[in-house]
Amino acid sequence: MGTMSATADAVDCDVHNAVPRLSALFPFLPDSWVDYCRETGVEGFDPAFYPPGAPLSARPGSRAGEGPPGSDPDVVRAHVLDGAGARYAILNCLYAVQALHNPDWAASMARALNDWQAATWLAADTRFRASIVVSTRDPHAAAQEIERRAGRGFVQVLLPASAPAPLGQRSYWPIYAAAEAADVPVALHPGVGGANPLSPVGWPSHYIEDYACAALTLQSQITSMVAEGVFAAHPGLQVVLLESGVTWLPSLMWRFDKNWKALRREVPWVERPPSHVIREHVLLSTTPFDAPPAIDRAWVDRFLTQLGSVRMLLHAGDYPHWHHGDAPTALLEQLSPAERELVLHGNAARVYRLPEEIGCARGH
Amino acid sequence: MRTGALIDCDVHNAVSSDAELQPYLSTRWRRHMELIGSRTFSPFTKGYAYPKAARFASRRDAWPPTGGLPGSDLEFMKEQLLDAYPVKHAVLNCLYRAPEQRHDAYGAALATAVNNWQVDQWLERDDRLRASITVPFEFPDLAAAEIDRATTCPGFVQVLLYPRTAAPLGRREYWPIYEAACRAGLPIGIHAASTTPGPITATGWPSYYIEDHTGLAVAFQAQVISLIFNGVFDRFPELRVVLLEGGFAWVPALAHRLDALHARLGEEVPDLRYPPSHYLRSHIRITTQPMEEPERPGDLVPLIREVGADLLMFSTDYPHWDFDNPHRAFRTRVPATLHRQIMHDNACATYRLAA
Amino acid sequence: MTGSNRHVVVAAADEIPPGGRKIVHIDGRSVGVFNLGDRYVALRNTCPHEGAPLCEGALSGALTSPRPGEYHYERRGEILRCPWHQWEFDLRTGRSWVDPERLRVRSYSVTCENDHVVLHL
């Protein structure tokens, strides 16, 4: 692709590794759950959010081999890292174990998934970094899993954007305490549903609606996290919003700030305008971006001013998903070298604690 | 800036007590009102699960000196709104809980009663007033019948729905409402409202009203997504949908998102004749209150232009707490032509009022 | 606060009891006079946001929180909430809660002289 040179050596903050088949996890799963899966005929947890035949689910060429796109580390390495590819890839595995209602089963599947990631992906290439998959059904179990796995290649906690209750609520706080203690950010990613309808007004009819609504769910989640005081209680916590657009954020901040002026007494621990809290604690991946078809520097200036800081943006390719157009690259082309350096490396190096050289000497 | 003649597209007239509606109900439903009364999705007989910023969600100075609820006294409404500002017409959106009734026939009877009460107590008493037809929208056949009935009375300019529905509004079950609205030549208005069968998020019930109120913008966006992708505007090309009180700063980002998705996934919705943004721009109208307040006030005018100069229609939301003052709502200089479009012209076109 | 060159008697002292208020109109200006118990204060009766009659708002307390779930409620009756958008203003200073440096309402000094409440404009 002609875009490769612009992003060569970047940190790609959203790459999706896939489980080839359920049985690939069995070596990492307690026998009782292995037999439970076999005896009940469980067919695996490929996320319904990405219909296998839909063009968004897999870019051309990513359907190599037998498993689903993204399931072969060699193929992903070739497509994402090698040649003019990324310097590091942050893996976000969307195998939808979080949608299970049984809290113990979900937690065991998440542990197995993480151990499989360590053995199959992190061991395969030192340029891979992974996200710790946890279920929100039992936040204490999730916290233990974060403690167990953080470090040694695991640089992030991955939560599903759609949860049984808004993610700011106190029952989830053990997850944030563990992430803060382990010094890893918490990412929210759409794609794992099940707890609630995929739209705020009930179940949509079409896949295109489901996908469009993902940006809305993220808006509800970040509203919840600020209103509930997650960041007041966990000032070191960073939250990364993945694969859900970027350009909606200023409109949310305006509405939220305006309401805060009127209603802050409900949430007196929110001592500053919500936009200030968001800018300090939230980052967003740039694919998809949801920008006009053609953007110029004037548009970018206005957007960045409204967003608040270029330090909130993380470059991402969203492999193997295939979006229309190439707004992220169009954005990069309009950025100054210093801004581009932050989006491609610096912000990721900071939030994921990547080796020093990544944050300073790149991008020239 | 001082404003010239304006159309206020969102004013709330209130039914002060159930007794006011009794003359408009049959014996059977008067008895039902005494026996069972309102059964909505609310856990309480009165009030809301999220208390509003102020009592009855209203301006503290809007309680009529004669007693009764804010918005229940036409004379006081004239003093505070209709005569206080150069209001040429005001569109009444009565939020009495008829549409939220779980008992289908009782909801329909209440809706008819509310509409007849609106004609008697409001439309016939001040010729500046126009009103929206209250309908039991979760029972679309009954809603359509009420639209057909009520449009025989002049003064109704819109059909009123709420954004928090049992299912997304694009779905087929709601189409009889759009069919009836087109028959009557009226737009559909979707107005922020409180009780609802489901939470305001796709991730469960939030804890606070600040989330509920901020979240209204996502409910409106979800309805727009549903209406467009379910082909409602292809099926009903004359249909206009007015979004009331859901904000408008989200429009550009949503339009870009939907167009990009459509370019990639359009094959799933092959009957769609245009890119999604086309439907947004040509079928959707949006009222301004609560006015967007960008961090830099000067960003408002470029935003409005990006949304579309002919999409926005001014509203005060009188007597509610987040009322916008027609003279001060913008907080930035708006070019005169654009200002007149928003304050007056766009509403005249949408509601077919004499310009 | 202001170069006071006009003194206007606006009420008899017992007309505004502690916790009470009186809104007066002087030369086209509307001003709210409040009795806080230990002193009187006066604020312009116009919200700097959208022009609401600010002094008709509810009198509430100062709510802060050291951490989520903990509520400190103090100074009952000294925080004025705008009757429209519910913005909070400190009666003693005229400063808004959310932006005390930049957003405030004009305040006037008030004295009690010979059982009369005197507003200094």
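Annotations for the structure displayed:
- Per the listing B:280, B:244, B:216, the residue uniquely over 30 Å from residue B:51 (Cα atoms) and of a type outside the set (Lys, Arg) is B:280.
- Residue, farthest from the other protein chains (Cβ to nearest Cβ), within segment C:30-77, restricted to residues that are in contact (Cβ under 8 Å) with a residue 12 or more places away in the chain and of a type in the set (Asp, Glu): C:74
- Residue B:324 passes every criterion in (1) outside any helix (DSSP H, G or I); (2) facing another protein chain (nearest Cβ under 10 Å); (3) in contact (Cβ under 8 Å) with a residue 40 or more places away in the chain apart from (3).
- Some residue of segment B:192-203 being more than 7 Å from every other protein chain (Cβ to nearest Cβ) and either assigned to a helix (DSSP H, G or I) or of a type in the set (Lys, Arg) (or both): no
- In segment B:254-262 there is at least one residue matching the filter, namely being touching a Gly at 6+ places or on another chain (Cβ under 7 Å), within 14 Å of another protein chain (Cβ to nearest Cβ) and buried (at least 21 other Cβ atoms within 10 Å of the Cβ).
- Qualifying residue in segment C:105-116 (condition: charged (D, E, K, R), in a loop (DSSP other than H, G, I, E, B) and free of Cβ contacts under 8 Å to residues at least 60 places away in the same chain): no
- Some residue of segment A:173-193 being within 27 Å of residue A:51 (Cβ to Cβ), assigned to a strand (DSSP E or B) and out of contact with any Leu (no Cβ under 6 Å at 6 or more places or on another chain): no
- When residue B:295 is tested against the conditions (1) facing another protein chain (nearest Cβ under 9 Å); (2) at pLDDT 95 or above; (3) more than 23 Å from residue A:258 (Cα to Cα); (4) surrounded by fewer than 20 Cβ atoms within 10 Å (Cβ to Cβ), the lone failure is (3).
- Residues that are on the phi > 0 side of the Ramachandran plot and within 14 Å of chain C (Cβ to nearest Cβ), drawn from segment A:199-248: A:229
- The residue that is surrounded by the most Cβ atoms within 10 Å (Cβ to Cβ), among those in segment B:93-110 that are in contact with a His (Cβ under 8 Å, 6 or more places away or on another chain) and closer than 20 Å to residue B:192 by Cα, is B:93.
- Taking the criterion of being crowded, with 22+ Cβ neighbours inside 10 Å and closer than 17 Å to residue A:63 by Cβ, the residues of segment A:310-328 that qualify are A:317, A:318, A:319, A:320, A:321.
- Of the residues in segment B:307-315, not one is under 30 Å from residue B:72 (Cα atoms), within 14 Å of chain A (Cβ to nearest Cβ), in contact (Cβ under 8 Å) with a residue 12 or more places away in the chain and in contact with an Asp or Glu (Cβ under 6 Å, 6 or more places away or on another chain).
- When A:137, A:170 are checked against the criterion of being under 19 Å from residue A:234 (Cα atoms) and either within 14 Å of another protein chain (Cβ to nearest Cβ) or surrounded by fewer than 24 Cβ atoms within 10 Å (Cβ to Cβ) (or both), a single residue qualifies: A:170.
- Residue A:300 meets all of the listed conditions (1) without any contact (Cβ under 8 Å) to a residue 24 or more places away in the chain; (2) in contact with a helix residue (DSSP H, G or I) (Cβ under 7 Å, 6 or more places away or on another chain) but one, namely (1).
- If the condition is being closer than 16 Å to residue B:81 by Cβ and either in a helix (DSSP H, G or I) or under 19 Å from the mean Cα position of the chain (by Cα) (or both), then segment B:124-149 contributes B:128, B:129, B:130, B:131.
- The one condition from (1) crowded, with 24+ Cβ neighbours inside 10 Å; (2) facing chain A (nearest Cβ under 8 Å); (3) of a type in the set (A, V, I, L, M, F, W, C) that residue B:251 does not meet is (2).
Residue-wise test of (1) at pLDDT 95 or above; (2) buried (at least 19 other Cβ atoms within 10 Å of the Cβ); (3) of a type outside the set (A, V, I, L, M); (4) at negative phi.
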residue: B:2; (1), (2), (3), (4): no, no, yes, yes
residue: B:9; (1), (2), (3), (4): yes, yes, yes, yes
residue: B:20; (1), (2), (3), (4): yes, no, yes, yes
residue: B:23; (1), (2), (3), (4): yes, no, yes, yes
residue: B:28; (1), (2), (3), (4): yes, no, yes, yes
residue: B:36; (1), (2), (3), (4): yes, no, no, yes
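Every residue, every condition in (1) acidic (Asp, Glu); (2) closer than 26 Å to residue A:55 by Cβ, yes or no:
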{"site": "A:258", "(1), (2)": "no, no"}
{"site": "A:263", "(1), (2)": "no, no"}
{"site": "A:266", "(1), (2)": "yes, no"}
{"site": "A:284", "(1), (2)": "no, yes"}
{"site": "A:294", "(1), (2)": "no, yes"}
{"site": "A:302", "(1), (2)": "no, no"}
{"site": "A:319", "(1), (2)": "no, yes"}
{"site": "A:329", "(1), (2)": "no, yes"}
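- Any hit, segment B:220-235, residues being assigned to a helix (DSSP H, G or I), more than 30 Å from residue B:155 (Cβ to Cβ) and aromatic (Phe, Trp, Tyr): yes
- So residue B:329, is it assigned to a loop (DSSP other than H, G, I, E, B), within 14 Å of chain C (Cβ to nearest Cβ) and in contact (Cβ under 8 Å) with a residue 24 or more places away in the chain: yes
- Some residue of segment B:86-96 being among the hydroxyl-bearing types (Ser, Thr, Tyr) and within 18 Å of the chain's Cα centre (by Cα): yes
Yes/no per residue for (1) surrounded by 14 or more Cβ atoms within 10 Å (Cβ to Cβ); (2) over 30 Å from residue B:152 (Cβ atoms); (3) among the small types (Gly, Ala, Ser); (4) modelled with pLDDT of 95 or more:
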| residue | (1), (2), (3), (4) |
| --- | --- |
| B:51 | no, yes, no, no |
| B:59 | yes, yes, no, yes |
| B:64 | yes, yes, no, yes |
| B:72 | yes, no, yes, yes |
| B:91 | yes, no, no, yes |
| B:112 | yes, no, no, yes |
| B:132 | yes, no, yes, yes |
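- Residue C:61, sole failed condition from (1) modelled with pLDDT of 95 or more; (2) farther than 23 Å from residue A:263 by Cβ: (2)
- Any hit, segment B:211-226, residues being crowded, with 23+ Cβ neighbours inside 10 Å, more than 27 Å from residue B:39 (Cβ to Cβ), more than 9 Å from every other protein chain (Cβ to nearest Cβ) and among the hydrophobic types (A, V, I, L, M, F, W, C): yes
- The condition (being more than 24 Å from residue A:277 (Cα to Cα) and in contact with a helix residue (DSSP H, G or I) (Cβ under 9 Å, 6 or more places away or on another chain)) is satisfied by just one residue among A:159, A:198: A:198.
- Segment A:237-262, residues that are under 21 Å from residue A:185 (Cβ atoms), touching a Leu at 6+ places or on another chain (Cβ under 8 Å) and part of a helix (DSSP H, G or I): A:249
The values are calculated or read from the model by the stated rules, or taken from the named source; none is laboratory data. Everything numeric in this text was worked out from a predicted model, so none of it was measured. Virtual Cβ from ideal backbone geometry, glycine too; neighbours counted across all protein chains shown.
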